[in-house]
Amino acid sequence: MNKLSGPIGVVIIGRNEGARLIRCLESIPHGTPIVYVDSGSSDNSVVNAVSHGAIVVALDTQLPFTAARARNLGWKKLLSAFNDLEYVQFIDGDCYFDDHWFGAAKQFLDDHKEYAVCCGRRQEMYPNASVYNALCDIEWNTPCGDAKSCGGDALIRVSALMRVNGYLDHLIAGEEPEMCIRLRREGFAIRRLDCAMTWHDAAIHHFSQWWQRSVRCGFAYANGVALHGFSPEKHWLKETARALFWGALLPCVIVALAFLDVRSLWLVLVYPLQMLKVFLAAGSIKEIKLQWSFFMVVSKFSECYGILKYLIGRMFRRTSRIIEYK
């Protein structure tokens, strides 16, 4: 790839990403400042990052790992080494960049000073490797244009990042949408361009991995509600309520009614009916429409578990621990 012109630095976060990290590093334009933040890898991640010219920093193993803490450590280290940067590009170590991304993203932010964040389309490298990878590929396909938030891969204006002091260290998931709320409150906007940005390897091949990922999602919903759910933003309030209804309230009602009259068990048919509703609404999803509708309904149980996990942890004042799925 050609050398990148312009004041952009890259922050990569990862843990035991192996060959995926090498691919990520090799997709970055030559001469770009890079900081790699390692979260306790036991493979050759650190050696590989150094060999590709990255500055390597390691998270303190005495504190719980979070992507938010890793990204904060990364951008602060990057700016301390290269204080003339205007933009920081964040990326996860299991992704790599599309060749045209940097030019398109930089041009947009150069031309639109009111935007703090620019992101593009993240796509799965191997969507056919498993139904779970395919589900992730559909999840990444969000509308282009002005957006409320970005994901983990995004180009962010340094002045805006410093204005809100980055991410909240303690969040184990959902740190990007939360930061975007604070950015928008400062008068900035977020844009999703209609162009390829990164390719991602979810590497989810088992139901248990998908379940854990959905549990983390529910945990993020509950944490988001605790922070901004009852503000005008109503951050993730609807998503949390939906998960609690389908994953806890309705099952409890059905069981309670069944104790009074076993014939009430017919109410469980509301779940396949909901799957049918999701199936009919998924017009743009073709090949895995049936699987999509099934997992969207089942996910309400795992999300509900994540919500309850957050609430119980908060009740007993437990320190949140990262929920890993691979």
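The values are calculated or read from the model by the stated rules, or taken from the named source; none is laboratory data. Note that the coordinates shown come from a computational prediction; the quantities given were computed from them, not determined experimentally. Don't worry about glycine lacking a Cβ; one is built from the backbone with ideal geometry, like all the others, and counts go over all protein chains shown.
Listing for the model above:
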| item | result |
| --- | --- |
| Residue match in region 99-121 (condition: at pLDDT 95 or above, closer than 27 Å to Trp292 by Cα and hydrophobic (A, V, I, L, M, F, W, C)) | yes |
| So Ala68, is it within 23 Å of Gly224 (Cβ to Cβ) and among the hydrophobic types (A, V, I, L, M, F, W, C) | yes |
| Condition check for Pro29: within 27 Å of Phe108 (Cα to Cα), in contact (Cβ under 8 Å) with a residue 12 or more places away in the chain, touching a strand residue (DSSP E or B) at 6+ places or on another chain (Cβ under 7 Å) and surrounded by 14 or more Cβ atoms within 10 Å (Cβ to Cβ) | no |
| Residues satisfying the stated conditions in region 32-78, i.e. hydrophobic (A, V, I, L, M, F, W, C), touching a residue at least 24 places away in the same chain (Cβ under 8 Å) and closer than 21 Å to Asn165 by Cα | Ile34, Val35, Val37, Phe65, Ala67, Ala68, Ala70, Leu73, Trp75, Leu78 |
| Residues being touching a strand residue (DSSP E or B) at 6+ places or on another chain (Cβ under 7 Å) and not aliphatic (A, V, I, L, M) - total across region 69-85 | 5 |
| All strands (runs of 3 or more DSSP E) inside region 139-257 with 1 or more residues being crowded, with 20+ Cβ neighbours inside 10 Å | 154-157, 189-200 |
| Given (1) within 26 Å of Ile323 (Cβ to Cβ); (2) within 24 Å of the chain's Cα centre (by Cα), number of the condition Ala282 does not satisfy | (1) |
| Selected residue (only one of Phe82, Phe90, Phe102 is surrounded by fewer than 24 Cβ atoms within 10 Å (Cβ to Cβ) and of a type in the set (A, V, I, L, M, F, W, C)) | Phe82 |
| Matching residues, region 302-326, being of a type in the set (A, V, I, L, M) and touching a residue at least 24 places away in the same chain (Cβ under 8 Å) | Ile307, Leu308, Leu311, Ile322, Ile323 |
| Unmet requirement for Ser231, which otherwise passes all of (1) under 16 Å from Val117 (Cβ atoms); (2) free of Cβ contacts under 8 Å to residues at least 60 places away in the same chain | (1) |
| Qualifying position, being surrounded by 19 or more Cβ atoms within 10 Å (Cβ to Cβ) and either touching a Pro at 6+ places or on another chain (Cβ under 9 Å) or part of a helix (DSSP H, G or I) (or both), among Lys300, Lys277 | Lys300 |
| Failed condition for Glu287, given (1) without any contact (Cβ under 8 Å) to a residue 40 or more places away in the chain; (2) over 30 Å from Ala68 (Cβ atoms); (3) surrounded by fewer than 16 Cβ atoms within 10 Å (Cβ to Cβ) | (1) |
